[in-house]
1. Which pairs turn up if I take residues in the stretch 433-458 that are under 13 Å from R478 (Cα atoms) and within 14 Å of the ligand (Cβ to nearest atom) and look for partners that are open to solvent by 10 Å² or more (accessible area, probe 1.4 Å) and among the aliphatic types (A, V, I, L, M) with beta carbon separation below 8 Å, at least 6 apart in sequence or on another chain?
2. Can you name the residue in the stretch 260-270 that is assigned to a strand (DSSP E or B) and either more than 21 Å from Q180 (Cβ to Cβ) or open to solvent by less than 10 Å² (accessible area, probe 1.4 Å) (or both) and, of all such residues, is nearest to the ligand (Cβ to nearest atom)?
3. Checking S370 against (1) surrounded by fewer than 23 Cβ atoms within 10 Å (Cβ to Cβ); (2) over 20 Å from V153 (Cβ atoms); (3) under 17 Å from the mean Cα position of the chain (by Cα): exactly one of these is not met. Which one?
4. Determine whether G287 is within 30 Å of L539 (Cα to Cα), part of a loop (DSSP other than H, G, I, E, B), away from the ligand (no atom under 16 Å from the Cβ) and touching a strand residue (DSSP E or B) at 6+ places or on another chain (Cβ under 8 Å).
5. Of all residues being touching a Gly at 6+ places or on another chain (Cβ under 6 Å) and open to solvent by 10 Å² or more (accessible area, probe 1.4 Å) in the stretch 138-167, which is farthest from S546 (Cα to Cα)? Just the residue, please.
6. Restrict the check to the stretch 524-537 and report whether at least one residue is crowded, with 16+ Cβ neighbours inside 10 Å and in contact with a Cys (Cβ under 8 Å, 6 or more places away or on another chain).
7. Can you pull out the residues in the stretch 495-510 that are touching a Gly at 6+ places or on another chain (Cβ under 8 Å) and open to solvent by 10 Å² or more (accessible area, probe 1.4 Å)?
8. Do we find that D301 is among the charged types (D, E, K, R), touching a Leu at 6+ places or on another chain (Cβ under 9 Å), more than 16 Å from S149 (Cβ to Cβ) and more than 14 Å from the ligand (Cβ to nearest atom) in this structure?
Amino acid sequence: MSSTINTMLVEERVFGPFDEFAANARISGMEQYRALADEANQDPEGFWRRMAESELVWHKPFTKVLDESNAPFYTWFEDGELNVSENCLDVHLQNGNADKVALIFEADDGKVETVTYRQLHARVCRIANGIRAMGYGKGDRAILYLPMSIEAVAIMQACARLGLTHSVVFGGFSARSLHQRVVDVGARLVFTADAQLRGGRQIPLKSAVDEALSYEGGDIVEKIVVYKRAGSDITWNDDRDVWLHDIEEGQPEECTPEYVGAEHPLFVLYTSGSTGKPKGVQHSSGGYLLWAKLTTNWVFDAKPDDIFWCTADVGWVTGHTYITYGSLAAGLTQIVFEGIPTYPNAGRFWEMIQRHKVTIFYTAPTAIRSLIKASEQNPDHHPRHYDLSSLRLLGSVGEPINPEAWVWYFENVGRSRCPVVDTWWQTETGGHILAPLPGATPLKPGSCTLPLPGVDAAVVDESGNELPPGAGGLLVIRRPWPSMIRAVWGDENRYKTSYFPSELKGMYLAGDNAQRDEDGYFWILGRTDDVLSVSGHRLGGTEIESALVAHELVAEAAIVGRPDATTGEAVVAFIMLKQAAPTGEEAQKIANQLRDWVAQQVGPIAKPRDIRFGNSLPKTRSGKIMRRLLRLVAEGRDIDQDTSTLENPDVLKQFSGVY
Ligand code: PRX
């Protein structure tokens, strides 16, 4: 923990306020920030009522703002009715923005396609009518396993239009992971594509769906709707499979929205926690959309002329909130990108910013770090060679951004003109929680700064007592907020125990360690559990361990993260086989086999970078694996920590080989 803090403190400059930016900002100066925050603190009900009434179109107005009677199962605006897709699309047709470009899609190979709000609305309506004609709607669940595309956004919106709860699975997850989610969420319908194109390669998707549905319980899915993206060969089952273009064919371009209660589950998104089974994070319709729109407007200072680019995939929460929902509700023009930052070369992001005159750019530290490295290796791809003068704001999300990367981003991409908003949030929070307001908050590289208005965040000890500045502790949110997680799908108990442990007396436990400084700024120190962040992807250590021990050769496995200059963390697996620990070529062969196995069971993104074999794992006398010691071994550091609780201190010596 202390080493993280030291790196954080290397950069002590404060950047901003940015006067030019503040002059035109929606929230300008700290007084305006404080006024909003004070309003929210003094009269939360009144504040949220005002926001929900002014930001959203309600079919039936709500009467009650927040119901805490069954805490921690909070409900917001519960008796109100609305439709999320109407709030993202129809509203813009009525306010004169029908011909404004909604999405600029850039394909992996560089082809560009744009759709206006009118066209996107028509497309969403056709798809929704097609789904409705097949007999699906409110109360059903659909799994989406799709490439980044206009279609992915349109299908999510079409589900929202029908009140059909969607669950998007990132294309980097395997058939096994897909199967687990299909069964857990109880999907009757799957949307996929023949294949996705990334970095000039075709990665099959439909075949993974076929495989997933062939496993036990997969027959719950009645239909697979296939978007023809790559034109690749796929296996076809006439009784079950339909083309997306066929269900759209002949459908009208209007579709009456299904009005749903504000608490209706808009989506379930699976994320890793501290057990082997991913959690289905359930979000609402009204409260979620309100915060998605508000934070888009506040944190990105959204303006009518902006060209917004969030580089996330819709398979993650960032893509849900800041591509499919918040940015459309806010009426932005935005980029949807199919490819990867390094194809055809590491100048791709900068070239796209130049080509599309992007004004707001939102990406992950891991992408920034990999592009820093690439531009050092090949200076031709350094951002200085591109015209980035359209940019006015930069954002970062997903993991702590180290001050060096922050300053590089600020100076080389933002040309020292653009504020950098480092946004801390989670799948469970639905939208930004700790983040600067770019026209107000002075910035400290490495800190996600202050809570947004309406958010009551704190750093506390294990009994819930607030800690003084400088002390590291648990990051909590003390009052409910509209876009908070509503449930872990199908598991009430897990929701309560994971997020509202009784010691914390009703506070939401984020699962991150943090500390505040003298100015109240938050500094995130990393997870409290064994959740890893690899290239900005949230992975459960336990999930990878369960996959490994399911392999016939493996007796026991422990996963830890080791810091990596580019990907943030790298997965390191300590493995005890049923046979004696292998060495040399045999070890390499088994390591590769196990990597492929993890790719198959969880997904290629979870493959261990390092594999280390031993004949036993370090355990306490009570039998718990000592991951903190394994972390030191993984980093190649000396074991100077206390090993007295270790059953057999020599056990650490056996892990010297890395495969
Ligand atoms: O540890 C925090 C880290 O990412 C976790 C949430 O991951 P996920 O649910 O996948 O959502 C990622 C996108 C919102 C958090 O518990 N994290 C996210 N943003 C930041 C961060 N850590 C530090 N700084 C951030 N800005």
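1. I433/V455; P451/A37
2. L269
3. (3)
4. no
5. K138
6. Scanning the stretch 524-537 turns up at least one residue that is crowded, with 16+ Cβ neighbours inside 10 Å and in contact with a Cys (Cβ under 8 Å, 6 or more places away or on another chain).
7. S498, F500, E503, K505, M507
8. Yes; evaluated as a whole, the condition is true for this residue.
The values are calculated or read from the model by the stated rules, or taken from the named source; none is laboratory data. Since this is a predicted model, take the numbers as computed values, not measurements. Note: ideal-geometry Cβ built from the backbone for every residue, glycine included; neighbour counts use all protein chains shown. Each accessible area value is taken on the protein alone, full model and side chains, heavy atoms only, with ligands, DNA and RNA left out. Shrake-Rupley method; radii C 1.70, N 1.55, O 1.52, S 1.80 Å.
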